[in-house]
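So the structure is just underneath, and the comments pick up after that.
The values are calculated or read from the model by the stated rules, or taken from the named source; none is laboratory data. Nothing here was measured: the structure is a model prediction, and the numbers come from that model. Cβ sites come from the backbone with ideal geometry, for glycine too, and all protein chains shown count toward neighbours. The accessibility values were calculated without ligands, DNA or RNA, using every heavy atom of the protein model including side chains. Shrake-Rupley method; radii C 1.70, N 1.55, O 1.52, S 1.80 Å.
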Amino acid sequence: MDLQTTALAIIAIPLLGSLLIPILGWLRRGKLTGYVAVALIGTAHVLTWTLLGPAMAGTVVSFKIPFYGNMVNLSLTIDALAAFMAFTSSLIATLIAVYSLGYIEHGDHEPEYYFIVTLFLGAMMGLVFSTNIIFLYTFWEISALACWRLIGYFREPDYIWKADKAFLVTFGGAVLMLLGFALIYGQYGSFEIAELKGKPIGAIALVLILAGIFSKSATVPLHTWLPDAGVAPSTITSLLHAAILVKIGLYGFARLFCNGLVIPHAWHKWLLVFALASAFISACAALQETNIKRLLAYSTVSQIGYTFLGTATGYVGALLYIMAHGIAKGGLFLCAGIIEHGTHTKDMTKMGALFKKMPITGTAYLICALSIAGIPPMAGFFAKWFVISGMMYGWYRIIGTLAILTAVLTLIYMLRSFHTIFLGQSRGEAHHEGAPVMVTVVAILAVLAILVSVFLPMPYALAKVAAAQRTIFSTLAALGR
Amino acid sequence: MLATLVSCLALLPAARVTTVWQAMGTHFAVDGLSLLFLVVVNVVGLCCAVYSIDYIGHYGGRAKFYSLLLLLVMGLNGVVLVRDIFSLYLFLEVASVAAYVLVAYNLEFDGIEASLKYLLLSVVATGMVLIGIALILMTTGTLDFAELKVALAGGAGANPVFMLAAGLFVAGFGLKAAVVPFHAWLPDAHPSAPAPISAMLSGVVIKVAGIYAIVRLFYGVYTAPAQVLRVLLLLGLISMIVGAVIAYFQTDFKRLLAYSSISQIGYILIGLGIGNWFGVVGALFHVLNHAIFKSLLFLNSGAVQYRTGTRDIREMGGLENRMRVTGVTSTFGTLSIAGVPPFGGFFSKLFIILGAVVAKQWTVAFLAVFFSIFTLGYFLYLQRRVFFGKLNEKWSELKEAPAAMSIAVVALAATTLLVGVFFDSVLRGLIEPAARVLLGGN
């Protein structure tokens, strides 16, 4: 298969294949749905492997399937950025889908769960390859509506309210972003990112588009829906935090502003300040939390702030960050799922001394937590290193120092959560290790968190190619360094 | 009913040409614009007819119901096919008479009250339209669209009488379209009618009687004078805002939908008021989309009422567990009306917003965007209270709506998704020819 067919297949297999799942549910074959979903998502992931070689060699393939006038075309671009994102997201999503087999009980809503998870991944795959703004937006919104149904999966009244909140905040941001796109269309007459390359963007359009990006990637002050979304099944929070949803905002930023439109110089510093404030404030919030999933959610908000710092300073760092954070945070949420199944609570103060009962989960949690905190030799260390050194080279010394301070806070709350959950006195009754399939997935993610740093040259090379393909915008370039 | 739909689909390839024929001393013609509205009327009409096979059982009087429904459809089809103002007025009255009776079909107090209110306000509207027609006939001596257009272009347009007539038409047809501040009848009439009739009224009647007439007159005859466009834009904004805000406070399923119709009619008028290519295409596309998703939602509300016997959304909860088809299809309607891609409603709103941006109407663009968030807000509230969630104990014995009702809603839900996915074909085949009739050339 050539690259075009592969890319189309990667999008179409989960997106259209997901429609099989409700049909299975209708035929009362609900128990099969999980395996079908794993097969669909897994196939898409395996196909992304074939993109890595050409992407690493620097190949860029763009093609257009005309749709409506010169306005809406299905334009796909396969470059290093797209291949990197598709590979990372689908890898984590495959593992999460496998874990779901042990996590989701058989029941009425099982087909809906697998249908939407598969659709969700399909939307993500569509998003990373699309370079037409309308298609980008369409996939963006499919992911929002998928997330609405999934957060409310357990159907408790306040869960539904929180699902609605997540949908409204991300939809609200997205339509503001759409208005920004309309302004751009009014100015340049095109929705093709390729045609907008290098064009400066007006201040109002920029603010509107950033509202969409920040609401999606849960950046302070539009972040509150993400901790609330912790009421979803743990697999879903894991999917939202690690593989798909918040990464969409980051990817959107990278695609639009690093490979397309140009942000005026005056804004660069404010973006950095904004991202740092988000990272710092949410790290402080995480220090206060006793609910394990809310703590991890605030930690995500904080790490996303870091990644934004990375896109603005050292692009390589940002991409490695997306991969390292995805693996580690995915692992942490899946650990939280096992813990929640075993203890029937999310309150960390009611846990304790779980390590003896759940040795594998405990070890995996520790490895992933250290990776998030940026302790070598875990993958998170290298990612953090590239981001912070990028800032130091860019003479953003105050911001860089504060970023290190935030990293220290991260280490504190991560280790403290490990201590409260796994060490010390037991404060609950009868706990047990999770189902074998769940524990295996968690162990794989922990191993990956270390393996990525062992094989660091490979993702590094790919990120380097992506950084070279980026047309413009880096604060470093702006400063002439 | 099926026959009319098939025949109007057969006319699809002919969308680009204007066909004229004569019958009963009146000229009938099909052009792109008529065809779009014909399709809308007959698709929704067919779905409502299928739906009523099971639904009308608990009202009784099946034969009476169907003859009135057919009369309604006939009147609406007439409105979009005729070529002069007076015949348009006549067919409008035919449709309206059928609608008055159908609104009071349950023969209960609220139905009859709503019907009378509708009748009385409509009389005012038709009175104004008649005076307008008289003024025009008095000045130009003709009522034919084509001849009027020539007369207006030939300098008679400066005549203040024409602007007076234009004002009367805006008010009269605006009342028929339930534009704020002429909307008072709609929130009473639409909820008390049987569900398929609510769907017809909200989905089709207000558009044919109001929007089509306004479009035909002000774009087709008056060639879109700036003053009228400004009025339409303003009325559209007010309707969009007022309708959405009031809808937010409703606890009656069908009243909420009725107010949301007012809000969506506002979007259509905004598109028309902007008056550029994007705006008009968006408005006409929204006519199609709104007809489909709003009749879908009304039919859903009918299914819920049929099974639970209530329209109060506070008494419902978790109905998706018992009425899965209704629950899923109502989600489609919700997402489409809020403008979530890939459903049809997104593309029409996109075009309206693009129109506003291209015309540099920043405030309008911002308000249109803001109120689509608002729309999603109150429809999510509806979903939360009615379908999405744990089943209310009270309804544990509930069953899915009967087959014919489910078939109709599934057909509409599939249409709203397909219109979105294949929006390019819909635009090229149906919307653009209609917009070309209005804007000429392009």
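Looking at (1) closer than 26 Å to residue A:212 by Cβ; (2) more than 11 Å from every other protein chain (Cβ to nearest Cβ); (3) among the hydroxyl-bearing types (Ser, Thr, Tyr), which is the one condition that is false for residue A:50?
Here residue A:50 meets the rest and fails (1).
Among the residues of segment B:116-136, write down those that are touching a helix residue (DSSP H, G or I) at 6+ places or on another chain (Cβ under 8 Å) and either open to solvent by 50 Å² or more (accessible area, probe 1.4 Å) or not in a helix (DSSP H, G or I) (or both).
B:117, B:119, B:121, B:124, B:130, B:131
Residue A:383: touching a His at 6+ places or on another chain (Cβ under 9 Å) and of a type in the set (A, V, I, L, M), yes or no?
yes
Please find, among B:263, B:330, the residue that is over 26 Å from residue B:182 (Cα atoms), more than 13 Å from chain A (Cβ to nearest Cβ) and open to solvent by less than 10 Å² (accessible area, probe 1.4 Å).
Every option except B:330 fails the conditions.
I'm trying to understand the selection: among the residues of segment B:158-174, which are free of Cβ contacts under 8 Å to residues at least 60 places away in the same chain and either touching a strand residue (DSSP E or B) at 6+ places or on another chain (Cβ under 6 Å) or open to solvent by 10 Å² or more (accessible area, probe 1.4 Å) (or both)?
Selection gives B:158, B:159, B:160, B:161, B:164, B:167, B:168, B:171.
Here is a check on your reading of the model: is residue B:268 under 14 Å from the mean Cα position of the chain (by Cα), within 13 Å of another protein chain (Cβ to nearest Cβ) and open to solvent by less than 10 Å² (accessible area, probe 1.4 Å)?
For residue B:268, the condition - under 14 Å from the mean Cα position of the chain (by Cα), within 13 Å of another protein chain (Cβ to nearest Cβ) and open to solvent by less than 10 Å² (accessible area, probe 1.4 Å) - is not met.
Cβ-Cβ below 6 Å, separation at least six or inter-chain, first residue in segment B:98-123 and within 18 Å of residue B:174 (Cβ to Cβ), second small (Gly, Ala, Ser) and surrounded by 17 or more Cβ atoms within 10 Å (Cβ to Cβ): which pairs?
B:118/B:189; B:122/B:96
Just to be sure, is residue A:159 in contact (Cβ under 8 Å) with a residue 24 or more places away in the chain, open to solvent by 10 Å² or more (accessible area, probe 1.4 Å) and assigned by TED's automatic domain parsing to the domain that holds residue A:241?
yes
Could you list all residues from segment A:286-314 that are open to solvent by 10 Å² or more (accessible area, probe 1.4 Å), among the aromatic types (Phe, Trp, Tyr) and either at pLDDT below 90 or touching a Gly at 6+ places or on another chain (Cβ under 7 Å) (or both)?
A:308
Quick one: residue B:290 ticks every box in (1) within 14 Å of chain A (Cβ to nearest Cβ); (2) under 17 Å from the mean Cα position of the chain (by Cα) except a single one, so which number is it?
Of (1) within 14 Å of chain A (Cβ to nearest Cβ); (2) under 17 Å from the mean Cα position of the chain (by Cα), only one is false for residue B:290: (1).
Of all residues in segment A:162-185, which are facing chain B (nearest Cβ under 7 Å) and open to solvent by 40 Å² or more (accessible area, probe 1.4 Å)?
A:168, A:176
Six or more apart or on different chains, Cβ atoms under 8 Å: show the pairs whose first residue is in segment A:283-308 and assigned by TED's automatic domain parsing to the domain that holds residue A:337 and under 26 Å from residue A:389 (Cα atoms) and whose second is outside any helix (DSSP H, G or I) and charged (D, E, K, R).
Partner pairs satisfying both residue conditions: A:298/A:289.
Can you name every residue in segment A:186-230 that is away from chain B (no Cβ under 13 Å), over 20 Å from residue A:246 (Cα atoms) and without any contact (Cβ under 8 Å) to a residue 40 or more places away in the chain?
Listed by number, the list holds a single entry, A:195.
I'd like the full set of residues that are part of a helix (DSSP H, G or I), surrounded by 18 or more Cβ atoms within 10 Å (Cβ to Cβ) and free of Cβ contacts under 8 Å to residues at least 60 places away in the same chain, limited to segment B:69-90.
Residues satisfying the conditions are B:75, B:78, B:81, B:89.
List pairs: first in segment B:125-150 and more than 30 Å from residue B:185 (Cβ to Cβ), second aliphatic (A, V, I, L, M), Cβ under 7 Å, 6+ apart or cross-chain?
If the second residue must be aliphatic (A, V, I, L, M), the pairs left are B:139/B:156; B:139/B:161; B:140/B:148; B:140/B:151; B:140/B:156; B:142/B:148; B:142/B:151; B:149/B:221.
Have a look at A:183, A:222 and point out the one that is of a type in the set (A, V, I, L, M, F, W, C) and at pLDDT below 90.
Result: A:222 is the single residue among A:183, A:222 that is of a type in the set (A, V, I, L, M, F, W, C) and at pLDDT below 90.
Regarding segment A:349-366, can at least one residue be identified that is under 15 Å from the mean Cα position of the chain (by Cα) and surrounded by 22 or more Cβ atoms within 10 Å (Cβ to Cβ)?
The answer is no; no qualifying residue exists.
Checking the structure you have, find out if any residue of segment B:47-62 is surrounded by fewer than 20 Cβ atoms within 10 Å (Cβ to Cβ), modelled with pLDDT under 90, more than 22 Å from residue B:136 (Cβ to Cβ) and in contact with a Ser or Thr (Cβ under 6 Å, 6 or more places away or on another chain).
no
Being open to solvent by less than 10 Å² (accessible area, probe 1.4 Å) and either farther than 24 Å from residue B:314 by Cβ or without any contact (Cβ under 8 Å) to a residue 24 or more places away in the chain (or both) is the filter here; which residues of segment B:365-377 pass it?
Across segment B:365-377, the qualifying residues are B:365, B:368, B:369, B:372.
Residue under question is residue A:337, and the condition is that it be crowded, with 24+ Cβ neighbours inside 10 Å and assigned to a helix (DSSP H, G or I); does it hold?
yes
Test of understanding: among B:237, B:233, which residue is farther than 28 Å from residue B:31 by Cα and open to solvent by 10 Å² or more (accessible area, probe 1.4 Å)?
Unique residue meeting the criteria: B:237.
Keeping to segment A:133-155, report how many residues are facing another protein chain (nearest Cβ under 8 Å), among the polar types (S, T, N, Q) and open to solvent by less than 10 Å² (accessible area, probe 1.4 Å).
Qualifying residue count, segment A:133-155: 0.
What is the number of the single condition among (1) open to solvent by 10 Å² or more (accessible area, probe 1.4 Å); (2) at pLDDT below 85 that residue A:211 does not meet?
(2)
So, in segment B:378-427, how many residues would count as being open to solvent by 10 Å² or more (accessible area, probe 1.4 Å), within 30 Å of residue A:69 (Cα to Cα) and within 14 Å of chain A (Cβ to nearest Cβ)?
9
Just the residues that are in contact with a Gly (Cβ under 7 Å, 6 or more places away or on another chain), among the β-branched types (Val, Ile, Thr) and more than 9 Å from every other protein chain (Cβ to nearest Cβ), please, taken from segment B:346-377.
B:352
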